[in-house]
Every structure is written in C-alpha cells, then in structure tokens.
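Working notes for the structure below.
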2 protein chains.
Amino acid sequence: MDLKAYLQERSTLVEQALQDLMPAKEVYPPQIHEAMHYSVFAGGKRLRPILCLAAAEAIDKDYKPLLPVACALEMIHTYSLIHDDLPVMDDDDYRRGKLTNHKVYGEGMAVLAGDALLTYAFEILAGYGQKYEKQAVAWQVLREIAVAAGTEGMIGGQVVDLESAGKELADKELLTYIHTHKTGALFCVSLRAGALLAGANPEELACLTLYAEKFGLAFQITDDLLDVVGDQKKLGKPIGSDTKMNKLTYPALYGIEKSRELVQEAVEEAVAALAKLSGETKPLEFLLRYLLEREF
Amino acid sequence: MDLKAYLQERSTLVEQALQDLMPAKEVYPPQIHEAMHYSVFAGGKRLRPILCLAAAEAIDKDYKPLLPVACALEMIHTYSLIHDDLPVMDDDDYRRGKLTNHKVYGEGMAVLAGDALLTYAFEILAGYGQKYEKQAVAWQVLREIAVAAGTEGMIGGQVVDLESAGKELADKELLTYIHTHKTGALFCVSLRAGALLAGANPEELACLTLYAEKFGLAFQITDDLLDVVGDQKKLGKPIGSDTKMNKLTYPALYGIEKSRELVQEAVEEAVAALAKLSGETKPLEFLLRYLLEREF
C-alpha cells in the first residue's frame, strides 16, 4: 500500500465513524447540529485520529475499537479551529478553501458549535470509558485529553499566540511554546491515547510520546513553510496570512533553508523513536512521509 | 440555622473548594487564568454546587467528598455565562453588577476563558472519577453532565433562545423548551450527580429529579419576574434587558400574577417530591424558600 492509499483508507474509516457518532443534522435544534456537521465534514485530513489509530497498531493491537476516541480527538480539533477562526481571534474567512463556520452560521452560532463539539467529545469519551475494560486507563486517557486541550495545552498555546500577534518576532522560546502547546499537545495526546488504550508499557509509551513531539514539530514547521511558499489553492487560505498578521513563524525566525533542515531533523528523530516498537510501525512512518511530501 | 446562614455556610465551603481546585492566577499563561478567576469569583450564588451537595445530604450521605464535582458544575455554569454575555450572543456589559468577562479581558480572551473552564471541569471530573469507588456510577455522572451541558441540554436551550430573539412572543412551548434546556438541564444534573454519587436508589433518584425540574422552573420564572419588577442594583443588570431584546419570558407570556402562581405551584410540587427521602431534606427546602424570598 502506498502513502496516498493508506491515508485514503484511514480517513474514510474515520469519516464513517464520525458520521455514525455525530448527532444527525436534523436533531432539534437543527441549526447547531448543521453548524457542527459543516465544520466536522469540511475536508479535514483526520491526522489526529489517524495518529491515534496508528499508535495502537504500533503496539500490535487492533485499532478499530479505538475509533470513538479517535473521533473525539477530531471533534476537539474541529472546535478549536472554529473558535480560532472567529473575528475576535484569528479572523479567518476561509479554511481549507471553504467559508469558515461563522461566515456561514454567524458568530454566535459558531461559538456554540465549538462549545458543543468540545462537550460532545467528552460525552463520547465517557461512553467509551464506561465500557472499556481497564477503568484506570480509561480515566487516565480522558484526563490527559482534558489537560492537553486546556490551558496547559492547546488553549495555553492559543492564548500566547493571540497575545503575541503584532509583537516582536524574535523570541524563539515563545515560538516553541506556542507550537508545542497550540498544535503539539493534541498530536501528543492522540498518540498517547492510542498507545495507552492499546496497552502500551511505559517504554513503548515513551517512544510514542517522543515520536509525537517530533511529529508535531515537523508538522508545524511545514505548516509555516507552506504559508510562505505554498499557493493559496493548496492550503485553502490566503498566502502569507500569518506573516501579514505579524505572527511568529519558523521561516520568519530561522529562514526557509534552516526551517527545512529542522523538519528533516525532526523526522529522523521520529523515525528513530519507532525502532523499539514491536507492532506495525509502517503507518507512523507513512505519516512522517506525508509531512515531507506536503508541497513546499 | 436560618436560610441566610445556611446559604452563607455552603457558599463559603464551595468558594474555598473552588479556590483550592482552580489553577492559580499566576500559572503561565497568566492572562487566561486571571480571566477564568475573574468570572468564577464574580459573586455567583453557587446554587448548582449547593444543590449537588444538598442532594447527597437528602440521601443521608456526607456531602463534603462531592465538592470537586460541585465545583466542576459551577465551572460549566460560569463558562456558559461568559459565552452568553458575548456581543455576538446576548451582548451584556454587566453581570451581578460587575463588568462581564469580555469587557475586562477582550472578546478573544473571553471565548478562551469559557472554553478553558468547560475543559477544566472535565479534567476535575476525570480526576474525581479515577478515585471514586463505584466506577460505573462515576462514568454515568460524567456522561450525564456532558449531555446536560450539550446540544440536548444547555447549549440547545441557548441556540433556541438566540434564534428566537426578536421573533413573536407567543409560543409557550418554545419558552418551556428554552428554560428546561438553558437553565433546567444543569440544575437537574447537579442534583442527579449529587444523588448518584451518594448512592441513591432509583426511587430516590426519581424524587430528586422531579424536585430538580420544579426547582428549575420556579427559578426561571422568578428570574423573569425579577427582570420585570426588580431593581437594577439587586440583579446587577439593566432592568428589562430581556424584554428590551424582545425575549420570551414568563411575565410576557402569562402576566405577572399568573407567573407568581406558577412559581408557587412549582415550589409545592418540589416540596412534595422530597417526602419520600430518608436523609436531611431541610437544605433542599431552604433552597426553595430562597427562590420565594428573592425579591420581586
């Protein structure tokens, strides 16, 4: 199986699970359920759920039972995008080439749709935990997801990002903080959740956590590079929208060549982290190749 | 002990537990933790946590171990107020006589502070569930809280409220839907969580659920009445702000006298629901008297 076929197969699987899990659009009150569907099915790559499933596979466990958890992670990711795109935050009109949630449903509904997806993710996780055999592990996963999504994780990153907009672009520590928190924390917990629920031992968990950190870093740098050198069609948002806003980015701080080297380095460290795992690590390797083959 | 002393004692207890549980204001990034503190400690009555504790007492159980769950409910309530007050929602500048969160910290930060409180509530619940002896009950409570806060509960009520603003004021079913969902669902789950974690049997749970429904109804009508006949100082927001916005209210639909009768009726039904409980039901009776003694 090649990279493209792999990503296609997994994202179709996640897509179907999301269709099965999400409340139907027609459920009263329909406005909110439509708004939730709009962003959940707006063409996301499903990277976080795919990482979660791939982590279970790398521990040599069937990944299919993890689909509800994988979907909950995608819902949390989607909620964060809806809120980030709001005019009072990053003020984006387009994402993945489609109008953002608030441009279609209004800002009030977009706030509520984000709230609802976050809340629904925990409802899904509770339903999953209720039936999962190792109760302590299920609680740990739920708690780690809440921490990763909170002020010590994703929200913390967004806060610092919001506060740094328009300020000096010279602080490497700040850039690292923003990215390890805003995007890194959710990547990391996606892999850890998959690993924990697959019964990973502490050593395996440590390997996958390291992989996750390197994956997150490489993802963010390629994202920044795409914004500088990509074209609007590929990314679905105006080129240079981050630099326009005077945001901290890797190319702005390190230059394009050095940024590319940093991606390469992170990918190599991630590959090395997989060496000690006994299960099928090809999917996790595929996902690194995906990062390198994003066009920039 | 009289009503005032009782409410004082319980809210002090909740206040202290919230101080212990909330991340310190100084934790990085401090902006978000300050914004969270601002609204959590903005003088709320702590009704939902107090109801949660009182439910445990009515089952004849020590209520103190339930404090983290009670606090998580208050955090969810606070998040909903922060988001409801946003300009893109109800657009309120004041609440309880103080500036609303977005007036102090800006709209972007207010969105994030709400998100963070919701997320943190689930982190607290996960930590609590992890240690609670009856695992199935803990999962049920977490799941019920997520459902009550979601689109079939609180968010659903807010969506319909938002959509009905400025429309015809003649729909009693719509009014009932909004209030049983926007405020009723969280009251209800506060009592149910307290009852379930205290080990209530199905009959006790049914009694407390009925009490909760009647309490929620009486609360909402008195809230509407206060808005019509109260004074600005007591409520901390401009008089008539809901009617000004052309919102559905009980006095608008039923008139003031009939609304008062409906409160009385709901309170009597709530008292009747307590009859079958074996524990200390005085606190739950106190809370009904609190509703009746709110000045209107």
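The values are calculated or read from the model by the stated rules, or taken from the named source; none is laboratory data. Here the structure is a predicted model, which means the values were calculated and not measured. Glycine gets a Cβ as well: all are built from the backbone with ideal geometry, and neighbour counts include every protein chain shown.
Computed quantities for the displayed model
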quantity: Where a residue in segment A:146-160 is within 17 Å of A:ILE82 (Cα to Cα) and within 7 Å of chain B (Cβ to nearest Cβ) and its partner, wherever it lies, is at pLDDT 95 or above and not in a helix (DSSP H, G or I), with Cβ under 6 Å and at least six apart; calculated: A:GLY156/B:PRO29; A:VAL159/B:PRO29
quantity: Residue within segment B:19-26 that is under 30 Å from A:GLY157 (Cβ atoms), more than 14 Å from every other protein chain (Cβ to nearest Cβ) and out of contact with any Cys (no Cβ under 8 Å at 6 or more places or on another chain) present; calculated: yes
quantity: Filtered residues of segment A:149-192 (kept if within 21 Å of A:MET89 (Cβ to Cβ), touching a Phe, Trp or Tyr at 6+ places or on another chain (Cβ under 9 Å) and of a type in the set (A, V, I, L, M)); calculated: A:ALA149, A:VAL160, A:LEU175
quantity: Condition broken by A:ASP92, with the remaining ones in (1) in a loop (DSSP other than H, G, I, E, B); (2) in contact with a Ser or Thr (Cβ under 6 Å, 6 or more places away or on another chain); (3) within 10 Å of chain B (Cβ to nearest Cβ) satisfied; calculated: (3)
quantity: Failed condition for A:VAL14, given (1) among the β-branched types (Val, Ile, Thr); (2) buried (at least 20 other Cβ atoms within 10 Å of the Cβ); (3) farther than 24 Å from A:THR183 by Cβ; calculated: (3)
quantity: Residues satisfying the stated conditions in segment A:142-160, i.e. more than 21 Å from B:GLY108 (Cα to Cα) and buried (at least 23 other Cβ atoms within 10 Å of the Cβ); calculated: A:LEU142, A:ILE145
quantity: The listed residue being among the small types (Gly, Ala, Ser), surrounded by fewer than 23 Cβ atoms within 10 Å (Cβ to Cβ) and away from chain B (no Cβ under 14 Å), out of A:ALA55, A:ALA70, A:ALA42; calculated: A:ALA42
quantity: All positions within segment A:95-105 that are part of a strand (DSSP E or B) and either in contact (Cβ under 8 Å) with a residue 40 or more places away in the chain or surrounded by 16 or more Cβ atoms within 10 Å (Cβ to Cβ) (or both); calculated: A:ARG95, A:LYS98
quantity: Count of residues meeting criterion [aliphatic (A, V, I, L, M), assigned to a loop (DSSP other than H, G, I, E, B) and more than 13 Å from B:MET75 (Cβ to Cβ)] in segment B:8-31; calculated: 2
quantity: So B:TYR132, is it hydroxyl-bearing (Ser, Thr, Tyr) and touching a residue at least 24 places away in the same chain (Cβ under 8 Å); calculated: yes
quantity: Positions within segment B:110-120 being facing chain A (nearest Cβ under 7 Å) and either part of a loop (DSSP other than H, G, I, E, B) or more than 30 Å from A:LYS134 (Cα to Cα) (or both), in sequence order; calculated: B:VAL111, B:LEU112
quantity: Hits in segment B:121-138 (condition: touching a Phe, Trp or Tyr at 6+ places or on another chain (Cβ under 9 Å) and either at the interface with another protein chain (Cβ under 7 Å from one of its Cβ atoms) or modelled with pLDDT under 95 (or both)); calculated: B:PHE122, B:ALA126, B:GLY127, B:GLY129, B:GLN130, B:GLN135
quantity: Selection within segment A:197-206 - in a helix (DSSP H, G or I) and either free of Cβ contacts under 8 Å to residues at least 40 places away in the same chain or buried (at least 23 other Cβ atoms within 10 Å of the Cβ) (or both); calculated: A:LEU197, A:PRO202, A:LEU205, A:ALA206
quantity: Candidates B:ALA42, B:ALA35 - the one that is out of contact with any helix residue (DSSP H, G or I) (no Cβ under 7 Å at 6 or more places or on another chain) and among the hydrophobic types (A, V, I, L, M, F, W, C); calculated: B:ALA42
quantity: Lone qualifier among A:ALA138, A:ALA110, A:ALA121 - being over 28 Å from B:SER164 (Cβ atoms) and crowded, with 24+ Cβ neighbours inside 10 Å; calculated: A:ALA138
quantity: Residues of segment B:163-196 satisfying the condition of being within 14 Å of chain A (Cβ to nearest Cβ), surrounded by 22 or more Cβ atoms within 10 Å (Cβ to Cβ), more than 21 Å from B:LEU53 (Cβ to Cβ) and among the aliphatic types (A, V, I, L, M); calculated: B:ILE178
